[in-house]
Amino acid sequence: MVEVIVPATSANLGPGFDVLGLSINLYNRFKVLETDGGLNIEVPAGTIPELPTDKKNLVYISAKRLFDEVGYKYRGLHIAIEIGVPLGRGLGSSSTAIVGGLVAANEIAGARLSKDEIFMLATEIEGHPDNAGPAIFGGFTICYNSGSGFRAVSHKPSDSLKPVLLIPNSVLETKTARGVLPKEVPLTDAVFNIARSSLLVSVLLTGRSELLRDAMQDRLHQPYRASLIPGLNDMIREIGGATGAGVALSGAGPSLVCIIDRLSEKDFYEKIRQLLKEIGQDYLIQFADFDLEGARVSGR
């Protein structure tokens, strides 16, 4: 039995659309065992959205993709999934399934692929790299297309910063959230995001929290996705104004990620709790931290 632990992720980070991502210390666990034949998949009861237990399951699809890549002839598989990352909330749950399946299959096949090669397969399956990067490498990742494939550079965020998640009850499919995005954007918006994403990289590495609010502003995806998430623009504006935190959609949403100065945690909680009450928004306030390891095999 191979058990793989994969962290949640928060991608895009405001201006870093399809490029920047954080690894967060919430985890899904995937136990995979090669059997004599057939496919058996155990999923937690009552998950929303419901997880498939047949060959449409993303863990199985990903595991099979790696087996095909390395030419490993497996007989059958038993897969058990434990959920610690809310599904459909913009926290990389799909990416955990992809990475979990790939890493487990790589172990079963004799660990033939490197993390970089697993990352390229995960990006191929998911279609974009900014969740797979932090899920595999941990920390704060910058993903890019080298021309011959996607690459990710991982950094340890400043110790003075920490993430806080605001998680709603509602879910939003990534396919729907990507469907509202334009194929072209004004040059001024592109320049705005280049400036903000460059600033955000600096802030995450240096810990200059006074720049967080500016650094996480965006014009490429959040304005278009606001139509799918009631109150999004007001939430970002009000939270940033009241606390000085950097606030953005986590992934495609509907969760929000706030990056704050670690020393302001207590003050932030009091302000955000009161603010959510005043504007009538029901979000779970989830204090978290950065995961610095990424996906790993249990017991190592």
The range 103-196: Kirkwood hydrodynamic radius (Cα pairs, Å) comes out at 16.3
At each listed q (0.30 Å⁻¹), what is the log10 of I(q)/I(0) that the Debye formula gives for the range 60-112 modelled as equal alpha-carbon point scatterers?
-1.18
Work out Dmax and Rg for the chain from the C-alpha atoms and quote the Rg first, both in angstrom.
19.0, 59
Rounded to the nearest 10, the angle in degrees between the Cα long axis of helix 187-206 and the longest principal axis of the Cα atoms of the chain comes to 80
Taking H as built 1.01 Å from N, whose amide H comes closer than 5 Å to the amide H of VAL180, not counting residues under 5 places away?
none
Please give the peptides 68-80, 84-96 ranked by average Cβ packing (other Cβ atoms within 10 Å per residue), highest first, as a rough proxy for protection.
84-96, 68-80
Helix axis angle, 93-108 relative to the chain longest principal axis, alpha carbon, degrees:
30
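Among the listed pairs LYS31/LYS56; LYS31/LYS183; LYS56/LYS115, which are separated by more than 29 Å between their Cα atoms? All intermediate terms of the calculation are to be shown ahead of the outcome.
Details: LYS31/LYS56 17 Å; LYS31/LYS183 40 Å; LYS56/LYS115 25 Å.
Listed pairs above 29 Å: LYS31/LYS183.
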With a cap of 12 neighbouring Cβ atoms within 10 Å, and only residues DSSP puts in a loop, list the GluC sites (Glu not before Pro) found in the range 157-250.
GLU184
Please report the antiparallel percentage of the DSSP beta bridges confined to the chain, to the nearest 5.
90
The farthest towards the positive end of the charge dipole of the range 2-156, of the residues SER94, ASN40, VAL4, given +1 on Cβ of Lys and Arg and -1 on Cβ of Asp and Glu, is VAL4
Please report, in cubic angstrom per residue, the volume enclosed by the convex hull of the alpha-carbon atoms of the range 148-206.
175
In deg cm²/dmol, rounded to the nearest 500, the helical mean residue ellipticity at 222 nm of the chain, built from -39500 (n - 2.57) for every DSSP H run of length 4 or more, is -11000 deg cm²/dmol
Compute the angle between helix 58-70 and the longest alpha-carbon principal axis of the chain, please, reported from 0 to 90 degrees and rounded to the nearest 10.
60
Quick one: which residues, 5+ away or cross-chain, put their amide H under 5 Å from the amide H of ILE41? H built at 1.01 Å from N.
ILE79
Estimated vicinal HN-Hα couplings, Hz - the range 223-230 in sequence order (Karplus 6.51, -1.76, 1.60; Gly, Pro = x):
x, 7, 7, 4, 5, 8, 10, x
List the residues whose amide H sits under 5 Å from the amide H of ASP289, counting only those 5 or more places along or on another chain, with H placed 1.01 Å from N in the peptide plane.
ASN25
Relative intensity, log₁₀ I(q)/I(0), of the range 161-287 from a Debye sum that treats every alpha carbon as a point, q = 0.09, 0.13 Å⁻¹
-0.25, -0.53
Ranked highest first by the average count of other Cβ atoms within 10 Å around their residues, in what order do 269-280, 108-119 fall?
108-119, 269-280
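Determine how many Å³ per residue the convex hull of the Cα atoms of the range 21-141 encloses. Please report the intermediate quantities before stating the final value.
Details: hull volume 11.3 nm³, N = 121.
Cα convex hull per residue, to the nearest whole number: 93 Å³.
Since every read-out is calculated from the coordinates, none of them should be taken as a lab result. The model shown is predicted, which means the values in this text are computed figures rather than measured ones. Please note: Cβ atoms are built from the backbone with ideal geometry, for glycine as well, and neighbour counts cover all protein chains shown.
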